[in-house]
Amino acid sequence: MAKIGLDRHTLLVAAAELADESGLDSLTLAALAQKLNVRSPSLYNHVKGLPDLRAALTVYCLHLLVETTRDAVIGKSGDEAILSLCEAYLRFARSRPGLYEAFYKVNLLQHEELDQAKQELLDLFLRIMEPFGLGEQETLHAIRGLRSLLHGFATLEQHGGFQMDIPLDESFRYVLRMFVDGMNSENRR
């Protein structure tokens, strides 16, 4: 029988907190059970095991990331929307390092909820790219490039990859500005 008050969402919130505190690799069912003050077998009422927990955590991460970035672009379009989305994305990765790690470390071949969450993120990127009129294929190339830029920056920062004495936010805005300027010049061709 499931502990009263313990549900899948509560379990995911606690798992995300553990991942943020110590990294995704330190997340175990035993550590989660201890945090929730339950016995490990109780967790199996909500997840099938550690792989299922990590998959659910990835979906949870994507939902929060979509919500965060969507909120950042409300009422904005064009350059402003892209820059706002990117800044929100990086803030999310910085504030939720273990949860963000689930976004790129958990590899699932087929998972319906994950596929839906990924589609929500893609749809958001597609909407903010519309004003640039790049065409379908070029828009997808641009989205891949932008996501690579965002993920690369966030991951390098998390792993101490930027050692120079230059403000990170300044570098981030500079690179984003170059990317957006490139899309604008592509749009004028």
Would you point out the residue of segment 106-120, among those that are modelled with pLDDT under 80 and open to solvent by less than 90 Å² (accessible area, probe 1.4 Å), that is nearest to Ala15 (Cα to Cα)? Val106
Cβ contacts < 7 Å: first residue among the small types (Gly, Ala, Ser), restricted to segment 154-182; second residue surrounded by 10 or more Cβ atoms within 10 Å (Cβ to Cβ), any location; separation 6+ or different chain. Result? Ala154/Leu90; Ala154/Ala93; Ala154/Tyr100
Among the residues of segment 60-104, what is the count of those that are hydroxyl-bearing (Ser, Thr, Tyr) and open to solvent by 10 Å² or more (accessible area, probe 1.4 Å)? 6
Might you check whether a residue that is in contact with a Ser or Thr (Cβ under 8 Å, 6 or more places away or on another chain), assigned to a helix (DSSP H, G or I) and within 30 Å of Arg177 (Cβ to Cβ) occurs anywhere in segment 37-52? no
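Yes/no matrix, rows are residues, columns are (1) modelled with pLDDT under 95; (2) loosely packed, with under 14 Cβ neighbours inside 10 Å; (3) β-branched (Val, Ile, Thr):
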{"site": "Leu149", "(1), (2), (3)": "no, no, no"}
{"site": "Thr155", "(1), (2), (3)": "yes, no, yes"}
{"site": "His159", "(1), (2), (3)": "yes, yes, no"}
{"site": "Ile166", "(1), (2), (3)": "yes, yes, yes"}
Being free of Cβ contacts under 8 Å to residues at least 60 places away in the same chain, of a type outside the set (D, E, K, R) and farther than 30 Å from Arg173 by Cβ narrows Leu50, Leu18 down to just Leu50
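The values are calculated or read from the model by the stated rules, or taken from the named source; none is laboratory data. Since this is a predicted model, take the numbers as computed values, not measurements. Note that we place each Cβ from the backbone using ideal geometry, even for glycine, and neighbour counts take in every protein chain shown. Just the protein is used for accessible areas: all its heavy atoms, side chains included, with ligands, DNA and RNA removed. Shrake-Rupley method; radii C 1.70, N 1.55, O 1.52, S 1.80 Å.
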